[in-house]
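A short worksheet on the structure shown next.
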Amino acid sequence: MSSLKRKPLVVVTRRLPEVVEARMRELFDIRLNPDDKPMGSEALATALREADVLVPTVTDRIDSGLLAQAGPNLRLIANFGNGVDHIDVAGALERGITVTNTPGVLTEDTADMTMALILAVARRVAEGARIIPDDNWDAGWSPTWMLGRRITGKRLGIVGMGRIGQALARRAKAFGLQIHYHNRRKAPVQIERELDATYWESLDQMLARVDIVSVNCPHTPATYHLLSARRLKLLKPEAIVVNTARGEVIDENALARLIEAGEISAAGLDVFEQEPAVSPRLVKLARSGKVVLLPHMGSATHESRTDMGEKVIINIKTFMDGHRPPDRILPSML
Ligand code: 8YV
């Protein structure tokens, strides 16, 4: 910032919960987006040129080309959201721009949505919920109609045992699922004990043995297409795949192909490789009831979104007061 005496100019790219915007108005010189239309790259470039602080969301692609247009005042990108794969963080850090995110506050809600997808897919909830409103229940109940799969006693393989992975494991354990996980590092022994969790150093070996796979790791260069076509083929034909993390972690085309071919049973997806575009093959599978598709709703609760905004404010405030903001992205996290 050129002067610490004036309030920092904070540009927020999307509409945030009212309480968050109200508090931001009190604290900062704020430029909001009341229409909530996603900003194009031109509007983003202007924002980067003029702002002291940018508050983007998952819908803003802040790549190296855009960062090259950043003005000298831009010192902080305070992301509204946990994942920062839409930001060239390494490029920002090289330019001396700090990047923060909002971890922790959306953990429980995202884990709930993951469990909801597991149940929705296994018990055909989305398919069933369409039957009565669509007027197709004339034949009534039948012993062999709308049968799904029991989840109790099945094996859940969690890819990424961070906060959300662990929160999912707690829920899944209560539903009688056996917890298996793959992670860069083995979880602490007390966590493994609490969750009765089995660690698989080899993702390939875990995939071949589980009934449900849930992706709960961030999207980084190392996890891009971690569930590749080759790995997806290791799954049992009855397996279910669930993803509430990032679309890019799964080779989406391969997943659609394998479900079409009956080599994987079904999937529940809250995130996609080309959001907001969704592959027509997946949409077709959703119509046939083989997959459940949600429009990136994992953290979509009033509580999470308000707490995320609160975190953004704390990060900006501490940074502007000359302290290290609590949720900095460090190079070691990339
Ligand atoms: C948010 C998310 O909705 O925090 C994340 O990483 O994926 C979502 O929960 C979104 O990122 C907000 O920018």
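Put a dot 7 Å past the Cα of Met333, heading toward its Cβ, do the same for Ser64, and the two dots end up 2.2 nm apart.
May I ask you to list the residues of region 309-326 whose amide nitrogen lies under 12 Å from a point 7 Å from Cα along the Cα→beta-carbon direction of Val19? Zone members listed by number: 309-311. Of the solvent-accessible surface of the chain, computed with a 1.4 Å probe and all protein chains present, 52% belongs to carbon and sulfur.
Non-local lysine pairs in region 107-293, meaning eight or more places apart or on different chains, with alpha-carbon distances under 24 Å, amount to 11. The residue among Leu235, Thr110, Gly247 whose Cα reaches farthest toward the positive pole of the charge dipole of the chain, with charges on the beta-carbon of Lys, Arg, Asp and Glu, is Leu235. For trypsin sites (Lys or Arg not before Pro), the sites in region 178-237 that DSSP calls loop and that have at most 15 other Cβ atoms within 10 Å are Arg184, Arg185, Lys186, Lys233. Placing Phe175, Phe319 in order of accessible area, with the largest value first and a 1.4 Å probe, yields Phe175, Phe319. What is the log10 of I(q)/I(0) for the chain, computed with the Debye formula using one identical point scatterer on each Cα and no solvent, at q = 0.12 Å⁻¹? Evaluating at q = 0.12 Å⁻¹ gives log10 I(q)/I(0) of -0.88. At q = 0.18, 0.19, 0.23 Å⁻¹, what base-10 log of I(q)/I(0) does the Debye formula yield for region 21-139 when every alpha carbon is treated as an equal point scatterer in vacuo? Those come out to -0.95, -1.02, -1.32, one per q.
About its Cα centre, how strong a charge dipole does region 107-293 have in debye, to the nearest 20, once Lys and Arg get +1 and Asp and Glu get -1 at the Cβ?
Using Cβ point charges on Lys, Arg, Asp and Glu, region 107-293 gives about 540 debye.
What separates the Cα centres of region 151-186 and region 44-78 is a distance of 37 Å.
When only the Cβ of Lys, Arg, Asp and Glu is charged (+1, +1, -1, -1), the dipole of the chain relative to its Cα centre reaches about 680 debye. GNM on the chain, alpha-carbon springs under 10 angstrom: the most fluctuating residue among Met308, Met206, Met320 is Met320. Distance between the pseudo-spin-label points of Ser228 and Asp138 (7 Å out from Cα toward the beta carbon): 5.1 nm. Relative to the longest principal axis of the Cα atoms of the chain, helix 302-320 runs at roughly 30 degrees.
Quick check on region 107-293: what does the Kirkwood estimate of hydrodynamic radius come out to from the alpha carbon pairs, in Å?
It is 16.7 Å.
Quote the FRET efficiency, to the nearest 0.05, computed for Leu27 versus Arg170 with a Förster distance R0 of 41 Å and r equal to the Cβ-Cβ distance. Efficiency, from the Cβ-Cβ distance: 0.70. A Förster distance of 51 Å, applied to the separation of the beta-carbon atoms of His323 and Arg209, puts the FRET efficiency at 0.60. In plain terms, the chain from Val189 to Ile314 could stretch by 41.7 nm, reckoned as 0.36 nm per residue minus the Cα-Cα distance. Taking a straight line from the alpha carbon of Lys7, these lysines sit under 22 Å away, with near neighbours fewer than eight places off in the same chain left out: Lys311, Lys317.
The values are calculated or read from the model by the stated rules, or taken from the named source; none is laboratory data. Please read all numbers here as calculations on a predicted model, not as lab measurements. Here the Cβ is made from the backbone with ideal geometry for all residues, glycine too, and neighbour counts use every protein chain on show. For the accessible areas, the whole protein counts, side chains as well, though only heavy atoms, and no ligand, DNA or RNA atoms are used. Shrake-Rupley method; radii C 1.70, N 1.55, O 1.52, S 1.80 Å.
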